[in-house]
Structures are given as C-alpha cells and as structure tokens.
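Nothing in this text is a laboratory measurement; each read-out follows from the coordinates by a stated rule. Predicted, not measured: the structure shown is a model, and the values here were computed from it. We place every Cβ from the backbone using ideal geometry, glycine too, and count neighbours over all the protein chains shown.
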Amino acid sequence: MTTLPDFDEVIDRIGTHSVKWDCMEEIYGVSPQEGISMWVADMDFRPPQVVAEALQTMLSQGIFGYWGDNRAYHAAIQWWMANRHGWTVEPEWIFTTHGLVNGTALCLDAFTQPGDSVVLMTPVYHAFARVIRASGRKVVECPLKLVEGRYEMDVDAWDAQMDGSAKMMILCSPHNPGGRVWTKAELEATAAFAKRHNLVLVSDEIHHDLVMPGHKHIPMAVAAPDQPLVMMTATSKTFNIAGGHSGNVIIADPDLRAKFAGSMAAMGISANSFGLAMSTAAYSPEGAAWVDALVAYIDGNRKVFDETVNTIPGLKSMDLQSTYLAWVDFSGTGMAPEEFIARVEKGAKVAANHGATFGLGGESYLRFNLATPRARVVEAAERLKAAFADLQ
C-alpha cells in the first residue's frame with residue numbers, strides 16, 4: 001500500500017541549504033522569515049516514501065562507492081516511459097548526466113562549435129540561454145506568438161529568421177514558463193522546421209509528468225519518430241529530487257548517440273549513485289501513485305491562485321496546462337517592470353522569477369512556483385491583491 005504525503009504540511013526549509021529559501025534574501029531582498037519563496041522550480045514537498053527508503057537502504061549498507069550495474073535503473077526508465085508516456089526506450093539509448101542543464105551543455109559540446117547559433121523559442125527556461133552563451137555559442141530567439149492568452153508556435157516567422165548559422169534547436173516540452181502542452185501538430189511542425197534548417201533537435205521534457213487534468217503530453221519521439229532527435233528527461237522535477245543531480249539524455253539515432261558518447265567520455269562524467277538510487281525507486285508504481293496525487297494537488301493550487309490573481313485589475317495568470325509554475329502578466333497595470341516587481345517583492349514580500357530572464361516576450365511577466373502547501377498559495381495571492389489594492 002502506497003503512503004501518500006500530506007501536501008498541506010508546512011515544512012520549515014530555512015537553514016537546510018535550500019537555494020529556494022536560504023538564497024531568497026540575497027537574490028530578491030525578501031526575508032525568508034516573513035516572505036514567501038515562489039521562484040526556483042523546487043517543490044516544498046517530500047518525495048515519495050519509496051525514495052526515502054532507497055536512501056535508507058544505502059545508509060544501512062554504509063559504503064558509498066562507485067555506482068555499477070545499471071540494469072535496474074534502465075529497466076525503471078523503460079517501465080516509466082512505456083507506462084506513463086507510451087514511448088519505448090532501449091537501454092543502449094540512455095545516458096546519465098548531472099541534471100539536464102548539464103545535459104544541455106553536453107549537447108552543445110557534442111553537436112555545435114564555438115560561434116554557432118542555437119535556436120530557442122522564447123520566452124523559455126532561462127538556463128538554456130545562460131549555458132549557450134557561456135559556451136561561446138549565440139542565441140537565436142524565435143518568439144512564441146500570444147494568441148487568446150496562450151502561446152503558439154510561429155514557424156513561418158521563424159523560417160524568415162534563419163540565416164544558416166544555427167546548428168541546434170532546444171524545444172521545451174511541456175513549455176516552461178508558459179505551461180503549454182504542445183499538440184501533435186505543433187510538435188510535427190517543430191520537427192519539420194528543424195529538418196528544413198538542418199538543426200539537431202533537442203527536446204527537454206523535464207516537466208512531462210506534471211500535466212493538468214484534461215491535457216496529455218506527447219513525447220517528441222512519439223510525435224516525430226523519424227526525426228533525428230535528442231530527448232532529455234529527469235526525475236528531478238517530477239519527484240522533487242533535484243539535489244540528486246541526475247538526468248537522462250536518450251538518443252535513438254546512432255550517429256547523434258556516437259557524438260554524444262564522445263563528449264561524455266572526453267569529460268569523464270560518471271553517475272551520482274544517490275541520484276540513480278532515488279530515480280530507480282521513484283520510477284515505480286508507488287512513485288506513479290504519488291505523482292497522480294501531486295498533480296491533483298497542484299491543480300487545486302492553480303485554481304485558488306488564479307481565482308484571486310485574475311481579479312486584480314491589470315494582472316492575468318496564463319492558463320496552466322502543465323508544470324507547477326504560474327506565468328503572470330502585469331502589462332495591464334501599465335507599470336514598468338521595476339514598479340510591479342517592487343510591489344511584489346517589497347510590498348507583498350513574495351519572491352518570484354523575473355520574466356525578462358526568460359528572453360524576448362517575458363518582460364511584463366513574473367513566474368510563481370505553486371508547488372508549496374495551499375495555505376501559502378492562498379496567502380501569496382492575497383498579498384498580491386493587497387499590493388495592488390489601489391488598482392481595484
């Protein structure tokens with residue numbers, strides 16, 4: 001019998017080396033003692049009990065040497081992808097990286113050269129552009145189109161931007177920060193765009209398990225099975241175990257796989273045994289039951305947050321189809337980013353990610369992490385309402 005956690009339990013994370021809480025004041029000027037941390041994508045929930053049990057087994061054994069024998073780990077990944085996503089994965093396709101930001105960096109090393117350009121559909125997860133630029137590559141920002149309050153792809157406009165310098169494209173599916181679950185037609189159009197412009201297509205699907213009721217994620221590998229493709233997945237966001245620093249880069253295409261293997265070998269990367277033990281345990285029936293309960297809880301948090309925020313004149317929370325990250329547009333207030341950010345951080349004492357860091361199109365937004373006990377979500381929404389009370 002699976003024991004599900006009490007997601008309403010408020011767990012004090014201050015002083016636990018939590019970047020989300022212990023670095024909040026340094027970055028946002030919001031004290032953790034009186035503020036609410038809603039920025040980095042890290043949940044305030046304990047992972048499934050089966051994950052804790054796997055770590056306890058390691059502690060009981062008491063020797064923490066090099067990890068070996070990946071059979072159970074690979075079988076767990078295969079089971080999860082087949083049962084949760086309808087995607088058949090072969091063990092030899094799987095590479096383990098130190099998270100997916102590391103996986104992105106390895107893809108840049110394997111498939112591009114310094115000076116090459118990499119295509120992003122913006123606004124999008126900020127670490128992509130940071131790693132691209134840090135590696136001496138250039139970012140090509142292909143803006144998403146806002147249609148009736150949701151993001152859509154604008155492939156014709158992107159075609160016009162291409163000048164032959166781009167060698168790789170990173171897709172965020174489901175989309176962070178907008179929460180879109182891309183349709184099969186949209187995924188096919190993206191794959192065709194990449195093929196037209198000779199781009200290695202890298203699909204980051206780290207949020208693929210966190211999809212709200214009424215929506216269904218389709219892996220790019222299922223939507224476009226004939227497209228040479230790099231798939232990136234992880235247990236980190238799904239189960240709140242990002243500290244394990246484990247991600248999967250899954251490559252069916254033999255040529256791309258050989259190039260990626262070369263970069264892995266050149267950098268001497270080997271797996272984190274704690275991360276692999278947690279991932280193996282999480283990808284299980286017990287982990288699946290926990291995820292189902294989590295998604296239902298986040299869906300409730302989404303509803304109570306939007307009910308309040310969308311009553312504030314000038315604010316609009318994008319309809320969340322996936323992830324636990326609310327994307328709130330402040331453009332209707334007529335305020336410059338400096339003003340609405342000050343009201344949120346100094347007035348409401350809420351720390352949220354600044355939209356401009358996500359690239360073109362994000363300037364009028366803030367991203368709020370809803371993966372926290374509901375009482376905090378309700379309190380944050382009420383604080384935002386008070387901070388913009390003069391508009392009501």
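A Cβ-based charge dipole, computed about the Cα centre of the range 1-136 with Lys and Arg at +1 and Asp and Glu at -1, lands at about 400 debye. The residue among G179, S135, M169 whose Cα reaches farthest toward the positive pole of the charge dipole of the range 121-187, with charges on the beta-carbon of Lys, Arg, Asp and Glu, is S135.
Loop only per DSSP, at most 13 neighbouring Cβ atoms within 10 Å: give me the trypsin sites (Lys or Arg not before Pro) in the range 192-274, ordered by residue number.
Listed in order of number, the matching sites are K216.
Bridgeable aspartates and glutamates around K145 (alpha carbons under 17 Å apart, same-chain partners fewer than 8 residues away excluded): D154, D156, D159, E186, D319, D329, E363. Over the range 1-94, the ratio between the Cα radius of gyration and 2.2 N^0.38 Å evaluates to 1.49.
Remark: the range 94-106, residue by residue, has Karplus-estimated 3J(HN,Hα) of 9, 10, 9, 10, 8, x, 8, 5, 4, x, 4, 4, 5 Hz, where x stands for each Gly or Pro and the curve is 6.51 cos²θ - 1.76 cosθ + 1.60 at θ = phi - 60°. Between R130 and N83, the modelled label-to-label distance comes to 3.5 nm, taking each label 7 Å out from Cα in the direction of the beta carbon. Over all other residues within a Cβ to Cβ distance under 13 Å of T112, the charged ones net out to +3, with Lys and Arg as +1 and Asp and Glu as -1. Taking every DSSP beta bridge that has both ends in the chain, the antiparallel portion is near 50%.
For a straight C-alpha distance cut-off of 22 angstrom, the lysines reachable from K167 (same-chain residues fewer than eight places away being disregarded) are K138, K195, K259. Dipole check for the chain: with +1 at the C-beta of Lys and Arg, -1 at the C-beta of Asp and Glu, and the Cα centre as origin, the magnitude is about 320 Debye. Using Cβ point charges alone (K and R +1, D and E -1), the dipole size of the range 238-315 about the Cα centre works out to roughly 240 debye. Projecting the Cα atoms of A386, H354, G334 onto the dipole axis of the range 328-392, where Lys and Arg carry +1 and Asp and Glu carry -1 at the beta carbon, places A386 farthest toward the positive end.
The alpha-carbon of K349 sits under 28 angstrom from the alpha-carbons of these lysines, leaving out residues fewer than 8 places away in its chain: K20, K237, K303, K316, K385.
Exposed loop sites, defined as chymotrypsin sites (Phe, Trp or Tyr not before Pro) outside DSSP H, G, I, E and B with at most 16 other Cβ atoms within 10 Å, are absent from the longest region of the chain, namely 68-392. Where (i) 5, 23, 33, 26, 12, 2, 0; (ii) 5, 16, 18, 10, 5, 4, 6, 9, 11, 9, 5, 2, 0, 0; (iii) 4, 18, 25, 21, 14, 9, 5, 2, 0 are the candidate values, the label of the one calculated here for P(r) over Cα pairs in 10 Å bins from 0, in percent is (i). Backbone phi angles across the range 337-350, fed through the Karplus curve with coefficients 6.51, -1.76 and 1.60 (θ = phi - 60°), yield HN-Hα couplings of x, 4, 6, 6, 5, 4, 5, 6, 7, 8, x, 7, 6, 10 Hz in residue order; Gly and Pro are listed as x.
For T122, the amide hydrogen comes within under 5 Å of the amide hydrogens of C142, L144, counting only partners 5 or more places away or on other chains and with H modelled in the peptide plane.
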